[in-house]
Amino acid sequence: MKKLFFLLGLIFLTGCKDTPETEPEMVPEKEIDTLEKREYKVLDSKFIVNDSLWKPFEEDLAGFSAEVYEEVKALVFEKSIPEIQEAVNSGKLTYEELALFYLTRIMEYDRENELSLNSVISLNPDLVKQAREKDLQRKSSKNSHPIYGIPVLLKDNINTAGMPTTAGAEVLKNNKTKDAFIVKQLKANGALILGKANLSEWAYFFCGDCPSGYSAIGGQTLNPYGRKIHDTGGSSSGSGVAVAANLAPVAVGSETAGSILSPSSSNSIVGLKPTIGLLSRGGIVPISGTLDTPGPMTRNVIDNAILLSAMTGVDNSDPASGIAKKNNNSYLSGIQNSDIKGKRFGVFKSLLKDSLYVRAIADLEKAGAEIVEFEAEDIKLTNFVRLLNHDMKKDLPDYFKNYGGTSKVKNVQEIVDYNNLDSLKRAPYGQASFLGILKDSASSEEFRAIKDSLRLSGTKFLSEPMQHHNLDAIISINNSHAGFAAVAHYPAITVPMGYKSDNQPMGLTFIGKPLSEKELLSFAYVFEKNSKRRKTPVNYNE
């Protein structure tokens, strides 16, 4: 960190220079792989200007000494939200110091150095001011939610007042909007918005065969467990990377079919894909109104339950949100007393060749779970991409009409035309998925049949073994069965289960029936407590 504080002084004196899957990850069964055979066409952002990014914080960061940083680090680094709140309540820590700690780490690790991760696109310019306000209001505040005063990083397809919502696309670099519904919920519960996370552009339904974690605005996000070696997973790449490297305490991602599970397992964190409609999608740049959902991404299960509860609520503008009325929002209650004795978990026989999976299953058996091996039925999710094509063709214009701010485009065709004017900067990997949207056509009856068929196929794939074997959950690896969970509207949570010999993180993924989030969090908590497999990435411990 000594290097950082020297650089801070230099920056404040002189200013810094301007810096200028065969299918997307949502396609079912795409496995996380390494990038050993892939070359990046673009690494650093050509659009983020560091002077502008850090100017609001110059004075406050200049006063945040290396000594104070180390004191705060001892209270915050790799700690859970309850542990952080305990430090605040004991008078050892303030929310202002907490905010400055994460700003310091982002400046140190995120851009323009040999360890840069490119995980953050923008920062809340009022963060420190708002943190001070939380400190002043803490004792008198009636809000007792544990998210109070905690900085939250948001994937940059989630509308947030005070920062553009870009979806990683240059065409949306000035898209200034009001808060999405889940952001309003976070703020109402006292959360601080830290900033916006990089992502696979347009939530990885844009360029076709391009690297996870690339966007024109944010550049190429890199995995802290192996920069330029291991895939970050997508599309919530920046959210996963920032949380893994302790650049944020928690983050929010979004998923269509794997976009939370993939980057969470790729970066050794906990990621939950909720039941569709449990969390509002209002004000989030869409791919598919049929499948999209936001969800929490955290270093531990307790924080995941806290962040999930802080975002829930019924959004009357989201047709799927009525399902949230069935939820009692008590995800944290009793989780530390969770017990899986007698719980029945189905495991895929085809995955038993994976030694980490076998070890994780043994951990669950030791904790009292009953393990049932089964052969998965050979079911294809035919026309999955066509579902995305037709949903996005309709849902993206609806977003611009109802939630978009100062955007200069209104539909996919206008975006394609705009990018073609300067494709080297705006679309260096092409825009194959968007071109596929434009080429695809279907009648309303055909599209309805596609949706119905996918829903039935996904539900059959998961529900039949669950019913036949009386299972409480099905256990997978990473995002291997994310497509089936997506089209069936089943929730899923992934938890770190270890690392391959080359240090590539892997996750154990629990899939449950709709609205079984509390049970999934309990299962994940017991596994986490009994296995303790997560390790901090070694180059990001300072």
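The values are calculated or read from the model by the stated rules, or taken from the named source; none is laboratory data. Nothing here was measured: the structure is a model prediction, and the numbers come from that model. Don't worry about glycine lacking a Cβ; one is built from the backbone with ideal geometry, like all the others, and counts go over all protein chains shown.
Before moving on, here are some points about what is shown:
- Hey, Phe181 crowded, with 23+ Cβ neighbours inside 10 Å and either at pLDDT below 95 or closer than 30 Å to Gly219 by Cβ (or both) or not: yes
- Count of segment 100-124 residues which are more than 16 Å from Ser237 (Cβ to Cβ) and crowded, with 21+ Cβ neighbours inside 10 Å: 10
- Identity of the residue in segment 461-482, within 26 Å of the chain's Cα centre (by Cα) and part of a loop (DSSP other than H, G, I, E, B), that ends up surrounded by the fewest Cβ atoms within 10 Å (Cβ to Cβ): Asp472
- Boolean, Ser215 is in contact with a strand residue (DSSP E or B) (Cβ under 9 Å, 6 or more places away or on another chain), more than 28 Å from Ser80 (Cα to Cα) and among the hydroxyl-bearing types (Ser, Thr, Tyr): yes
- Residues located in segment 302-339, provided they are surrounded by fewer than 19 Cβ atoms within 10 Å (Cβ to Cβ), of a type in the set (A, V, I, L, M) and out of contact with any Leu (no Cβ under 8 Å at 6 or more places or on another chain): Val314
- Filtering segment 128-152 to residues that are in contact with a helix residue (DSSP H, G or I) (Cβ under 7 Å, 6 or more places away or on another chain) and over 25 Å from Ser330 (Cβ atoms) leaves Val128, Ala131, Arg132, Asp135.
- Inside segment 285-305, residues that are touching a strand residue (DSSP E or B) at 6+ places or on another chain (Cβ under 7 Å) and of a type in the set (A, V, I, L, M) make up a count of 2.
- Residues that are in contact with a Phe, Trp or Tyr (Cβ under 8 Å, 6 or more places away or on another chain) and among the hydrophobic types (A, V, I, L, M, F, W, C) within segment 216-256 comprise Ala216, Ile217, Ala244, Ala245, Leu247, Ala248, listed in sequence order.
- So Asn530, is it among the polar types (S, T, N, Q), buried (at least 24 other Cβ atoms within 10 Å of the Cβ) and closer than 29 Å to Asn327 by Cβ: no
- Extreme residue, farthest from the chain's Cα centre (by Cα), among residues of segment 434-453 that are of a type in the set (A, V, I, L, M) and part of a helix (DSSP H, G or I): Ala449
- When segment 291-331 is limited to residues that are among the small types (Gly, Ala, Ser) and under 21 Å from the mean Cα position of the chain (by Cα), the one that is nearest to Gly253 (Cα to Cα) turns out to be Gly295.
- Note on segment 90-124: residues that are closer than 14 Å to Val76 by Cα and not aromatic (Phe, Trp, Tyr) total 13.
- Among (1) under 14 Å from the mean Cα position of the chain (by Cα); (2) farther than 22 Å from Asp292 by Cα - the single one Gln220 does not satisfy: (1)
- Summed over segment 226-263, residues that are closer than 29 Å to Asp395 by Cα, small (Gly, Ala, Ser), assigned to a loop (DSSP other than H, G, I, E, B) and in contact with a Pro (Cβ under 7 Å, 6 or more places away or on another chain) total 4.
- Matching residues in segment 175-198 - criterion: being farther than 18 Å from Pro249 by Cα and part of a loop (DSSP other than H, G, I, E, B): Asn175, Lys176, Thr177, Lys178, Asp179, Ala180
- Test: Pro164 is assigned to a loop (DSSP other than H, G, I, E, B) and in contact with a Pro (Cβ under 8 Å, 6 or more places away or on another chain): no
- Taking helices (runs of 4 or more DSSP H) as the structural unit, those lying wholly within segment 57-155 and holding at least 2 residues that are over 23 Å from the mean Cα position of the chain (by Cα) and within 27 Å of Lys46 (Cα to Cα) correspond to 58-62.
Rundown of residues vs (1) touching a Lys or Arg at 6+ places or on another chain (Cβ under 8 Å); (2) under 27 Å from Thr104 (Cβ atoms); (3) surrounded by fewer than 24 Cβ atoms within 10 Å (Cβ to Cβ); (4) modelled with pLDDT under 95, yes/no style:
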position: Lys142; (1), (2), (3), (4): no, no, yes, yes
position: Tyr148; (1), (2), (3), (4): yes, yes, yes, no
position: Leu153; (1), (2), (3), (4): yes, yes, no, no
position: Asp156; (1), (2), (3), (4): yes, yes, no, no
position: Thr165; (1), (2), (3), (4): yes, yes, no, no
position: Leu172; (1), (2), (3), (4): no, no, no, no
position: Asn189; (1), (2), (3), (4): no, yes, yes, no
position: Gly195; (1), (2), (3), (4): no, yes, no, no
position: Asn198; (1), (2), (3), (4): no, yes, no, no
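- Pair list, Cβ < 9 Å and 6+ apart or interchain, from segment 380-406 residues that are surrounded by 22 or more Cβ atoms within 10 Å (Cβ to Cβ) to residues that are among the hydroxyl-bearing types (Ser, Thr, Tyr) and assigned to a helix (DSSP H, G or I): Leu388/Ser433; Asn389/Ser433; Met392/Ser433
- Among the residues of segment 340-357, those that are surrounded by 13 or more Cβ atoms within 10 Å (Cβ to Cβ) and among the aliphatic types (A, V, I, L, M) comprise Ile340, Val347, Leu351, Leu356.
- Taken as a whole, the structure places Leu456 among residues that are at pLDDT 95 or above, among the hydrophobic types (A, V, I, L, M, F, W, C) and surrounded by fewer than 16 Cβ atoms within 10 Å (Cβ to Cβ).
- Inter-residue pairs, beta-carbon under 6 Å, first under 17 Å from Pro514 (Cα atoms) and hydroxyl-bearing (Ser, Thr, Tyr) and in segment 315-329, second surrounded by 11 or more Cβ atoms within 10 Å (Cβ to Cβ) and at pLDDT 80 or above, 6+ apart: Ser321/Gly277; Ser321/Ser280; Ser321/Val314; Ser321/Asp315
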